[in-house]
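Structure first, commentary second.
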Amino acid sequence: MAQFPTTELLKAFLGSQSRQPLTEELTESSPLIELGVIDSVVVVALASFVEEQFSVCVPDEGIPIAELRDLRTLGAWVQSLAAAETR
């Protein structure tokens, strides 16, 4: 799957999970943690979403915090999981 659809799906999911109204439109470089888009509950839901939506296996350790920096980084991480599973 191409990067653009991946980030768009992640953006839509995270927008639907937000517990507080977003004060700005999420972009590929929006800082997800700093904006309050990501918290511990959302990370658990996100891991399940990623596994179901992209047919990948999230490692038992979960999503590394560094991968939650922004949509671009998160999308690239999901793409790397998908690439690893096709090998």
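If you go through the stretch 20-35 and pick out every residue that is touching an Asp or Glu at 6+ places or on another chain (Cβ under 9 Å) and more than 17 Å from Leu68 (Cα to Cα), you end up with 0. With the requirement that a residue be more than 19 Å from Ala76 (Cβ to Cβ) and of a type in the set (Lys, Arg), what does the stretch 1-55 give you? Arg19 - this is the single residue of the stretch 1-55 that is more than 19 Å from Ala76 (Cβ to Cβ) and of a type in the set (Lys, Arg). Of all residues in the stretch 64-87, exactly one satisfies the criterion of being touching a Phe, Trp or Tyr at 6+ places or on another chain (Cβ under 8 Å) and more than 14 Å from Thr6 (Cβ to Cβ), namely Pro64.
Among the criteria (1) surrounded by 14 or more Cβ atoms within 10 Å (Cβ to Cβ); (2) modelled with pLDDT of 95 or more, the one Val44 does not fulfil is (1).
The values are calculated or read from the model by the stated rules, or taken from the named source; none is laboratory data. These figures come from a predicted structure and were not determined experimentally. Virtual Cβ from ideal backbone geometry, glycine too; neighbours counted across all protein chains shown.
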